[in-house]
Amino acid sequence: MQSIDSQLAYLPLHEAAKLIRTGQVSPVELTELMLARIADWNPKLNAFVTLTAELAMEQAKQAEREIADGRYRGPLHGIPIVHKDLYYTKGIRTTCSSKILKDFVPDYDATSVGKLKDAGTVLLGKVQTHEFASGATTSSPHFGPCLNPWNLERVPGGSSGGSGAAVAAGLAYMGTGTDTGGSIRIPAACCGVVGIKPTYGRVSRHGIFPMGWTLDHAGPITRTVKDAALCLQAMAGYDPNDRSTLDLPVPDYTAMFGIGLKGVRIGIPTNYYNENVDPAVEDVIDAAIRQFAALGAETVEVKLPTLDYVGATTMGILSGEIVAIHEPWIDSRPEDYGPDVRAMLEGGRQVPASGYLQAQRARRLILDDYRKALSEVDVLITPALPITVPRCGDALGGARLAEFTMPTNVTGLPSLSMPCGFSPDGLPINMQLIGRPFEEATVLAIGHAYEESTDWHNRHPELPADRSASPEVAPTADATSAAGAETAIKAGPMRMLTELDKLKELDLTGIEPLVPFVCEPFGKTAAG
């Protein structure tokens, strides 16, 4: 049985907010509880890069005074949160979990940091990312690996692994994330929590260190779908400092909650998302589909023919953009990158400009496939990951984590990763719901209806009684050893060029590159 403190720590954000608003608990009490748990558990998890305990207590006391004076700002007021260490925080170190930026202190806040601060949140600290967000395991060679609270021998996913681990372990009620190939949804899936990648252009990336400009998204990681809706509400909106954002109204993301699923059409892809899937994942997703049907939804099979080319398309786009971002450091400080990130950058330098533009042409075809599929249904359902959570050091498992998430970075479509079961060995499994551009409200409402009919979101990891620091995870030949580093760096260019060759199979005659990339509303809906 959980202690009273554990029950409070694992409350959904919206329930903690209710206690604050009614005076049953104070922001100071919640913040003290989170800081105590961080002191206990972070030595095991290694989720934090920078702890801002003093600032957190100041903000909590300010929130307490404001609420007592009748100046309640809303459901995030007084809520302790963490920021992924890519988000610029004025006067607070922002390392990107890298050696290159280990002492970088921004002189301004990211737009989302400012918005969440205006909503009254309390900042506990900055949490781990895979180095420069360039991987799916959050195994940092510079700050040590972040570990999964469900099983300390497993990865927390990435690149927003620190946020996923902190939220799952009851060290924060929400964490910010970024998502270039799945980096919000992957850690949500590995840690058994909720993550939403909104539509490209819905949330500003201003003040967030980029990985790939036309693939990057920002969003929240939380414990429940309603929590995600409330946090997205605060983060969303047009920003003149980010030209990718569109000046569209931000709806009430909880307005559709409770309307039921009768008449809702859920698409089940018959290709790509059902290929090479772990049987444990298949079983859980099949059960989720049956639950949707029991709730009144209609399921419809759909096909997405060009998804076999999504890996090559992602690589072609990302290689050009990430190299442009890092080129000065690749030339001057190559040894300061971790081997996996350096291999990615060295490989990307060999991709010609034509490869980037061919990928942007293929992007149109992939987006057209989703447009057609989503004209027939309200959302698509897929596994969030093709496999169960891999062990630390499992290079092959880590390489597969983004297979089912990266397609909606290419298309910019809103995608929700949420719990729907567990593997036989007790590892969380998430499904993914994909919607039409700027229809996050629909995706969230459908996810909330499922969540309310199950109890997966109420299950939490049992952290070990031994709270001493975890032993270092053994380095792997592919990732951290000198021999492995040299092999990876030499193999990177050939691997990328081989993958890009697949795009030659597509007929791109008459297809213009999707540059600049803008994700616009589709228009007609399945229901309308």
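The values are calculated or read from the model by the stated rules, or taken from the named source; none is laboratory data. No experiment lies behind these values; they were computed from the predicted model shown. Using ideal geometry, Cβ is built from the backbone for each residue, glycine included, and neighbour counts are taken over all protein chains shown. Remember, those area values only see protein heavy atoms, side chains included, never the ligands or the DNA or RNA. Shrake-Rupley method; radii C 1.70, N 1.55, O 1.52, S 1.80 Å.
So between E282 and K262, what do we pick up on full extension, going 0.36 nm a residue minus the alpha carbon distance?
Extending this stretch completely gives an extra 4.7 nm.
Two decimals is fine: what is log10 I(q)/I(0) at q = 0.19, 0.23, 0.26, 0.28 Å⁻¹ for segment 405-475, from a Debye sum with one equal scatterer on every Cα and no solvent?
-0.87, -1.02, -1.15, -1.23
Mind listing the phi-derived Karplus ³J(HN,Hα) values for segment 301-307, rounded to whole Hz, using 6.51, -1.76 and 1.60 with θ = phi - 60°, and x for any glycine or proline?
These are the phi-based 3J(HN,Hα) values: 7, 9, 10, 10, x, 8, 5 Hz.
So how do 435-445, 122-132 stack up, highest first, on mean other-Cβ count within 10 Å?
122-132, 435-445
Taking the mean number of other Cβ atoms within 10 Å as a proxy for protection, how do you rank 203-213, 268-278 from highest to lowest?
The packing order, highest mean first, is 203-213, 268-278.
Residue by residue through segment 253-265, what is 3J(HN,Hα) from phi via Karplus (6.51 cos²θ - 1.76 cosθ + 1.60, θ = phi - 60°)? Round to whole Hz and write x for glycine and proline.
Taking θ as phi minus 60°, the curve returns 6, 10, 5, 8, 5, x, 7, x, 10, 4, x, 6, 10 Hz for segment 253-265.
Pull up all non-local amide H partners of H217: gap of 5 or more, or a different chain, and H-to-H distance under 5 Å with H placed in the peptide plane.
The list, which skips near neighbours in sequence, is D179, T180.
Take every Cα pair under 8 Å in the chain that's 6+ residues apart, average their separations, divide by the length, and report that relative contact order as a whole percent.
Relative CO of the chain lands at 17 percent.
Among all the lysines, which ones have a C-alpha under 21 Å from K262's C-alpha, if same-chain residues fewer than 8 places away are not counted?
Those lysines meeting the cut-off are K226, K524.
With a 1.4 Å probe and all protein chains left in place, how much accessible area per residue does the chain have, in Å²?
37
Check which residues have an amide H placed less than 5 Å from I266's amide H, if you skip close sequence neighbours.
Amide H neighbours of I266, under 5 Å, 5+ apart: E298, T299, V300, D378.
Is any helix in the chain, taking whole DSSP H runs, at least 20 angstrom long along its axis by alpha carbon and on average at least 0.0 on the Kyte-Doolittle scale, and which ones?
Span-like helices here: 27-45, 279-294, 310-332, 482-500.
Simple spin-label model, 7 Å along Cα-to-Cβ: Q24 to D247 in nm?
According to this spin-label approximation, the distance is 4.4 nm.
Starting from 0.36 nm per residue, how many nanometres of slack lie between A255 and E58 once their C-alpha separation is accounted for?
67.6 nm
Please give the charge dipole size of segment 8-74, origin at the Cα centre, charges +1 on K and R Cβ atoms and -1 on D and E Cβ atoms. Round to the nearest 20 debye.
The dipole magnitude comes to about 200 debye.
Excluding residues on the same chain fewer than 8 positions from K102, give the lysines whose Cα lies under 16 Å from its Cα.
K84, K90, K126
[x] 65, 56, 48; [y] 72, 57, 38; [z] 114, 69, 60: which one is Cα extents along the principal axes in Å as calculated from this entry?
Read-out taken from this structure: [x].
Residue separation times 0.36 nm, minus the C-alpha to C-alpha distance between E32 and V105: what's the value?
Going from the current span to full extension adds 23.7 nm.
Using +1 at the C-beta of Lys and Arg and -1 at the C-beta of Asp and Glu, which of L123, F143, F104 has the Cα lying farthest in the positive direction of the dipole of segment 43-191?
Of the options given, the answer is F143.
With +1 on each Lys and Arg Cβ and -1 on each Asp and Glu Cβ, and nothing else charged, work out how big the dipole of segment 1-121 is about its Cα centre, in Debye to the nearest 20.
With Lys and Arg at +1 and Asp and Glu at -1, about 300 debye.
Given the chain, what percent of its DSSP beta bridges are antiparallel, to the nearest 5?
Taking every DSSP beta bridge with both residues in the chain, the antiparallel ones total about 70 percent.
Put +1 on the Cβ of every Lys and Arg and -1 on every Asp and Glu Cβ in segment 136-285; which of S183, V155, I208 then has its Cα farthest towards the positive end of the dipole?
I208
Using unit Cβ charges (K, R positive; D, E negative) and no other charged atoms, how large, in debye to the nearest 20, is the dipole of the chain about its Cα centre?
That gives the chain a dipole magnitude of about 600 debye.
Could you order peptides 37-44, 194-201, 453-460, 65-72 by the average number of other Cβ atoms within 10 Å of their residues, highest first?
194-201, 37-44, 453-460, 65-72
Just to verify a number: FRET efficiency for D336 and K303, C-beta to C-beta distance, R0 = 56 Å, to 0.05?
It comes out at approximately 0.80.
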